[in-house]
Structures are given as C-alpha cells and as structure tokens.
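Asker: Handing you this structure, nothing more for now.
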C-alpha cells in the first residue's frame, strides 16, 4: 500500500476508447490499495493543432496568451479521464494547474515549476478519490496560466510525485521500457530492468526519446523513483506492481541490487545534429571565444568541438556540431562575425548522426572508447568527431551509416539478446 | 467615448481567418475611443465535439467534470482573439472565468451568474487594454469551473456589461438584426431598428433564435442596452457606431424615440411544440391539477391549454402543448396517472406549429386577435389552439401550413416592405 503517481502520454490519451484503457489501468492500481494521482497529456495531435492556431493568429505570439490556448488540451483529457474513472465506479476528480495550485515562474511557454500545494489533493486522495492532474500546466504569481514547454507532462508528473512524496512515479508511454537500443533498428535489443538517472539523462539527450531530459534531472534531484512502462499492456491477469517496465534508480540503489556490473547500458543515435566547419581560422588567442560566444548568446547548443591543424602554418580548421534546427541561425551569426573571427569558408553538413554508447560501468573500465573506434573502423565507418563524458562516448558519422553503426556496436559490446 | 461590451458567437469565431475579421471589428471600436471588452463563444462545432467526448466517456456524466471539458472551447478562442488583436497592434489580454472572477452558483452545467469582480479588468481597460472574456464559463465558490448551459455566452456578455456599467452590449451574430419575421420565409421581411425587451422575450421564446431568452431577461432586469448586429459586415467605410443593427430598448426609451406606434412588431413561428389531447376526462374539481402537477414536477413546460366540452355530460377533452423533445416523457408520466386522472385516450401530434404575432402596440389596440383569426380563416388555415399574453397572440396550426400562415399574417398586419 503506497502512494503512486501515474503519467500517461498523448498516444495513450488519444480518444475516449484509449482513455477507457487508461482508466482501467489506473483503477487496478487503486484496487491494489494504493493512493493514486494521475498526470495526463493532451490527446496526440491536439497540442500541435492548438500551436498552429496560435501561429496563424499571430506569428510573434505573446507566450502568456499562447499558454491560455495550449493548456486547454490537457484540461480536456483530465476532465475526460475523471469522467471515465467515475464510469468505472471510482471516485475521481480533476485538479487544474491553478486549482492545486502548481506554482511556476512567469516564463510563459517555458515555465519552471516552483512549489506545488498538496494539502487539498492529499486529503482528497486519502479519502479514496483519484486525483487527475493535467500535465504541462501551472499558474504564475500573477494568476495566469503557464505551460512548461513541449513534453512538459513528464516533468509535471515527477514534480507532483516529489511534492506528494509518492513511492513511485510510473510513466506510461507507447514503448514498454528502456531498451539497450532502438528495437526498430536492432531486433535483438533487450529491455533494461534498471537504468540509473545519469544513464537515462545521457540516453535521453542523445535521441532515445522515452523520457524528457528535464524530468529525469528533476527525478534525480528530488530522488523520485521513476518507472517507464507501456500503457498498451492491459492484461487483467498481470497483478498490479508486476507489469514489467524499466525502473530508473540511483547509483546506490543499482549497487544494492547486486547485479553483474554492465559495462555498457545502451546505444543511442541522434540524427538531429548538424556539422559546421570553419576553414583557415587564425591560430591565435581569442579566436575560439569569437566563434562560440555569439552562438552561446543566441542560445545555440554547441556540442562536439574539434580543432584540426590546417595546411598552412598559423591557421587551423574548427569543426563543431549544433542542433540541425539551429544551423541556419548559427551560419548567419558566424557570417556576421567573419571579420572578427577571420575564417575563410563555412562548410556545413546536416547529413550526420551522433552515435553514443552509455553506461555507468565505463567509469571503472578502460578500453570502452577504443572498442568503439575499432568496431566502427572494421566496418569502414568513418568517424568525423568524438566527444566523451564520464559515462558516455559519442562519435559523429555519416547519417546514412546510422543503423549499421548501431548494430555493429550493439554486437561489439555484447548487448545482443536471443 | 464610452465603454462597450461586444459579443461574438461561434460562427463568427470559427477559425483563425474569421477571428481576424472579429479582431478588425473590435479594433475599430477601440480606435473610435471606446473602452472595449469582448465576450467570445467557442468555435462553431467545438462545444458539440467536447460534449460528445463527455457522453462517450460517461453517459451519466458528472456535470462538474463536464464543465472542465466543455469550458475549454471558449478558453481557446479567448486566447486566440487576444493574440490576433495583438497582431493588429492593439493591447489585449484574456480573462478566464476564474481569473476575473465571474462567480456563479455550483449548479454545474447550468450555473447562474452571481457577482462579477471588475476592479482588475476595469483598470486594464482604462489603460487601453482590450479585455477578452470567454463566454459560457464562471467559477463556483469551491473554486471549480462552471458553465452556464448551452448558448450561455449571450448571458455572459450581458452580465459583464451590467457589471462594467457598459454603455452598450453589442451582440454580433450571423444575422444582421431582428426582423419582422424570418427573411427565409418572407422575402419582404424588414429589419427592425428597435424592439423592446418584452417583445424580444416573446419573439425569442417562440422561435426567433437571435438571442438567448435568459440573456434578454437579464438585460431587462439590469437595464443593459443590447444591440444585435452582424459580424459579417466588415466594411471599413462604415464608421464605428453606425453599423446598422437592431437595438433592444425599454418601453420608456421606445416612447422617447417618438416613433409612429407600430401595432405588431414581428411574427414568429415555432415548430418545436407538440400537441397532447386527453379525451373524456371527468369534468370535476382536481382533474386539471392531476394532469399538470406531474408534468410541472418533471420540469416539462406546458404552454397552450384548452378544455373542450365533450359529447357526454360530465366529461371534457383537455388539449395542451409541450416541447416536442419532452413529448415521450409527458406521455409516460400521464399514462402512469391514468387511474388518478381518469381519461379515456391520449392523442398526440408533433406535426404542429405555433404562430405568434408580437407587439407592445397591441396593449392599447383591440382587434389584433380577430385580424389574425380572420386572415388565417380566409386562407382555410385551421386553428387548433389559442393562447394570448399582453403583447402576444399565438395560435397552434398544422405544421405544413407554417410558412403560408407567416406570409399571410405578415401581409395582414402591413409589415411587408418593398
């Protein structure tokens, strides 16, 4: 018997038939004796529809009014889930962002959650009522509707779980857990029983879009136990708490599980990066700052950086990656700085992919990177750039070789299942 | 220079292109120097879509959660109109029902408006900001979303106009005013420049669906000057305040206008009534109460009542009308009372129409009813029942003769225009 926060994404909430399935899953957790709060996304496609309305109304939209419009999608699904739970005989009610309230700052359209008041909702849950909370939304100190940015419902769920001191935050998605890699690429990918917060963060940031990065950071900070599982398993034979998913845990908890240390947890691919090469940059102090300061000022995330010695003395080529969506902006900013930086040409390439191997085990093992380089070289895959963190090695390759590289590495690190 | 509340219905708000037209009309009023608040409906079709979701989720829906779902339609259009006004260079912001707040009782799905707090919105309007208010919604004392029932946005607009002590409440619809009768039936119908609250009430209740009856009652009670006009006139050549519509005024104001007293203001037809005849009812005290008490208890509105002396001594036939939508329920209730009432047969007929002539002028003129009866008789139209009020005479006829009767009466009372 505990207190559980459950979260369902847009695919799970798309239409009244699917909401009925969600309601059955929720009701089963309550029947198992838990106090239950549910955080819901808008129906799949609805937020896009609302965002398009805003763009049509005003391309330079006021984020405060944008939030009034787009927050309505989750309002609808929260009311509908409460109604559906009532139809199953459960007590249930919706709690909108301003009703709890979920306080946020006033950065409309990308607000950050502050305090969540839980007295009323905790009393309601203790009285056997299921609390249904629209994700993605909150209220500013000025009493206006705020939203957390796209994908914010995962963050809402983790924040509510932290505020309610919930025993677990179950994130139901259209996949049934976190895999060693994308099962659409590698049929032999295995579902992970456990993954640490840090691994999840690295996997999320390099394209394994199971959870929003921000929600994982928050869970790590607040110590919320997060489980990823599928809302498309609706098997009455499976007892509550035994639906298999992936549990996201701390390093300490993982060690306590006394498991065979896994060197590599997963392999992720990200095709949303683009490569920029500035040729014949003067090799003198201050040049690198002149390149990257304007990009940082424009909030463009630079990832991998390599400096090659050029053919001519006193000059180098500088290579780096930016999100593909920011490539044009980055190019414009750099052209404007041409005289200050003093480069010769800008060469760009959006047809690249970043392949990453991730695992807390690599902290204590040498040779992880060299295994990667050798496996790729053996298949003739050219590495264009490299970056590393404590628990991740990433390489940039030609986009066309993405799937091949993932398969090769999945085998090289011994991750292939049956 | 005054303070104006403008209201736009679902057809006017259906899509961003139409919202742009609405924004231009609103901006023009502000440019003319007025302080402006706008009350908006949901996009045409949206409330039906949301109501259907609720029905699918739970046929016996909890009205409090139903309100959470259906109130979202107006939330969306209020945000979109604010954004569109901003795109035209106006200052504008939305004020949701809970933000003003618009206090209502807790009769969810059919709430009644209580106090509306106007300090914040009046300050905002005085500072040149256009206030955009979603119609149809409010907030209960428990802090939950309420809605006013279908068509409630007219009532929201009148209530906001009363609270803001506005000089005028302009209701923009898809017709350009109130006509002497439905122009689709009589091509020579004339638009009325003025109509009194009471005439409007009678016209609204007998099928001229320009304004919601409840909003007219509220306007009469609060002395709000209401104007009906079309949102599909978007002629920049027409100065603000000169768009021709129909002004709804008090009897006193109408007299002050020094107009030629009009005997009859308009002719309305209503096909939503059904006729019930109970035959051979014992002609003794208490019988009539036995018939109508159960109907009143079930909230079924009985309109015309006639008692015919039957062929046999001590027995009469009782004829009356109920809304066609309530006919089956009424029949069931009466059958259950058969022994108490003691009737012989129930005969029902939904193929009837109620034709009404309305006008404050008939108060001081005799002969209005006899003109009606003679005109209908001359064309062989049979009258099945009659009811009258101080400013209205209604007759029940065969539904097939509706259009003929309206045309005949429109001519008989000299209402035909060019």
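The values are calculated or read from the model by the stated rules, or taken from the named source; none is laboratory data. This one's a predicted model, so the numbers in the text were calculated from it and none came from an experiment. Cβ placement follows ideal geometry from the backbone for every residue including glycine, while neighbour counts extend to all protein chains displayed.
Asker: Looking at the stretch B:165-185 only, could you name the residues that are under 14 Å from residue B:38 (Cα atoms) and crowded, with 21+ Cβ neighbours inside 10 Å?
Answerer: Correct list: B:166, B:169, B:170, B:171, B:172, B:173.
Asker: Further, regarding this structure: Could you check how many residues of the stretch B:385-411 are in contact with a strand residue (DSSP E or B) (Cβ under 7 Å, 6 or more places away or on another chain), surrounded by fewer than 18 Cβ atoms within 10 Å (Cβ to Cβ) and more than 16 Å from residue B:358 (Cβ to Cβ)?
Answerer: Adding up the residues that qualify gives 2.
Asker: Taking the conditions exactly as written (more than 21 Å from residue B:148 (Cα to Cα), part of a helix (DSSP H, G or I), within 14 Å of chain A (Cβ to nearest Cβ) and in contact with a helix residue (DSSP H, G or I) (Cβ under 8 Å, 6 or more places away or on another chain)), does residue B:22 satisfy them or not?
Answerer: yes
Asker: Let me ask something else about it. Kindly evaluate residue A:166 against the criterion of being closer than 19 Å to residue A:29 by Cα, assigned to a loop (DSSP other than H, G, I, E, B) and in the same structural domain as residue A:19 (by TED's automatic domain parsing).
Answerer: Yes; evaluated as a whole, the condition is true for this residue.
Asker: Let me ask you something else. Before we move on, is residue B:321 touching a strand residue (DSSP E or B) at 6+ places or on another chain (Cβ under 6 Å), under 27 Å from residue B:356 (Cβ atoms) and touching a residue at least 60 places away in the same chain (Cβ under 8 Å)?
Answerer: yes
Asker: For the stretch A:67-90, which positions are more than 7 Å from chain B (Cβ to nearest Cβ), over 17 Å from residue A:124 (Cβ atoms) and crowded, with 24+ Cβ neighbours inside 10 Å?
Answerer: Selection gives A:67, A:70, A:71, A:73, A:74, A:77.
Asker: If you don't mind, another one. Output the number of residues of the stretch B:32-65 satisfying the condition of being at the interface with another protein chain (Cβ under 9 Å from one of its Cβ atoms) and touching a residue at least 60 places away in the same chain (Cβ under 8 Å).
Answerer: The total comes to 1.
Asker: Same structure again: Give the number of residues within the stretch B:380-418 that are part of a strand (DSSP E or B) and without any contact (Cβ under 8 Å) to a residue 24 or more places away in the chain.
Answerer: 1
Asker: So which helices (runs of 4 or more DSSP H) are wholly in the stretch A:45-139 and hold at least 1 residues that are out of contact with any helix residue (DSSP H, G or I) (no Cβ under 9 Å at 6 or more places or on another chain) and in the same structural domain as residue A:158 (by TED's automatic domain parsing)?
Answerer: Hits in the stretch A:45-139: A:46-57, A:63-70, A:119-126.
Asker: How many residues does the stretch A:325-336 contain that are surrounded by fewer than 17 Cβ atoms within 10 Å (Cβ to Cβ) and either touching a residue at least 40 places away in the same chain (Cβ under 8 Å) or in a strand (DSSP E or B) (or both)?
Answerer: Qualifying residue count for the region: 3.
Asker: Output the number of the condition that residue A:112 fails; it satisfies all remaining conditions of (1) without any contact (Cβ under 8 Å) to a residue 60 or more places away in the chain; (2) out of contact with any strand residue (DSSP E or B) (no Cβ under 9 Å at 6 or more places or on another chain).
Answerer: Residue A:112 satisfies all of (1) without any contact (Cβ under 8 Å) to a residue 60 or more places away in the chain; (2) out of contact with any strand residue (DSSP E or B) (no Cβ under 9 Å at 6 or more places or on another chain) except (2).
Asker: Given the criteria in a loop (DSSP other than H, G, I, E, B), crowded, with 17+ Cβ neighbours inside 10 Å and not assigned by TED's automatic domain parsing to the domain that holds residue B:413, does residue B:216 qualify?
Answerer: No; evaluated as a whole, the condition is false for this residue.
Asker: A further question follows. With respect to residue B:33, is the statement that it is buried (at least 24 other Cβ atoms within 10 Å of the Cβ) and assigned to a loop (DSSP other than H, G, I, E, B) true?
Answerer: no
Asker: I'd like to know if the stretch A:299-320 contains one or more residues that are surrounded by fewer than 19 Cβ atoms within 10 Å (Cβ to Cβ), modelled with pLDDT of 90 or more, out of contact with any helix residue (DSSP H, G or I) (no Cβ under 7 Å at 6 or more places or on another chain) and under 21 Å from residue A:344 (Cα atoms).
Answerer: No: zero hits.
Asker: Please go through (1) assigned by TED's automatic domain parsing to the domain that holds residue A:17; (2) at pLDDT below 90; (3) surrounded by 15 or more Cβ atoms within 10 Å (Cβ to Cβ) for residue A:283 and return the number of the only condition it doesn't satisfy.
Answerer: Of (1) assigned by TED's automatic domain parsing to the domain that holds residue A:17; (2) at pLDDT below 90; (3) surrounded by 15 or more Cβ atoms within 10 Å (Cβ to Cβ), only one is false for residue A:283: (1).
Asker: Hey, another quick one. Go through the stretch A:141-152 residue by residue and tally those that are within 13 Å of chain B (Cβ to nearest Cβ) and free of Cβ contacts under 8 Å to residues at least 40 places away in the same chain.
Answerer: Here the count works out to 1.
Asker: Of the residues that make up the stretch B:124-133, is at least one touching a strand residue (DSSP E or B) at 6+ places or on another chain (Cβ under 9 Å), within 13 Å of another protein chain (Cβ to nearest Cβ), surrounded by fewer than 21 Cβ atoms within 10 Å (Cβ to Cβ) and without any contact (Cβ under 8 Å) to a residue 24 or more places away in the chain?
Answerer: No; the residues of the stretch B:124-133 include none that is touching a strand residue (DSSP E or B) at 6+ places or on another chain (Cβ under 9 Å), within 13 Å of another protein chain (Cβ to nearest Cβ), surrounded by fewer than 21 Cβ atoms within 10 Å (Cβ to Cβ) and without any contact (Cβ under 8 Å) to a residue 24 or more places away in the chain.
Asker: Can you find even one residue in the stretch B:91-103 that is more than 14 Å from chain A (Cβ to nearest Cβ), surrounded by fewer than 15 Cβ atoms within 10 Å (Cβ to Cβ) and within 25 Å of the chain's Cα centre (by Cα)?
Answerer: Scanning the stretch B:91-103, I find no residue that is more than 14 Å from chain A (Cβ to nearest Cβ), surrounded by fewer than 15 Cβ atoms within 10 Å (Cβ to Cβ) and within 25 Å of the chain's Cα centre (by Cα), so the answer is no.
Asker: Additional query: Scan the stretch A:142-162 for residues that are assigned to a helix (DSSP H, G or I) and either surrounded by 24 or more Cβ atoms within 10 Å (Cβ to Cβ) or within 13 Å of the chain's Cα centre (by Cα) (or both) and jot them down.
Answerer: Matches in the stretch A:142-162: A:152, A:153, A:154, A:155, A:156, A:157, A:158, A:159, A:160, A:161.
Asker: Residues A:377, A:366: which one is assigned to a loop (DSSP other than H, G, I, E, B), without any contact (Cβ under 8 Å) to a residue 12 or more places away in the chain and surrounded by fewer than 16 Cβ atoms within 10 Å (Cβ to Cβ)?
Answerer: After applying the criteria, what remains is A:366.
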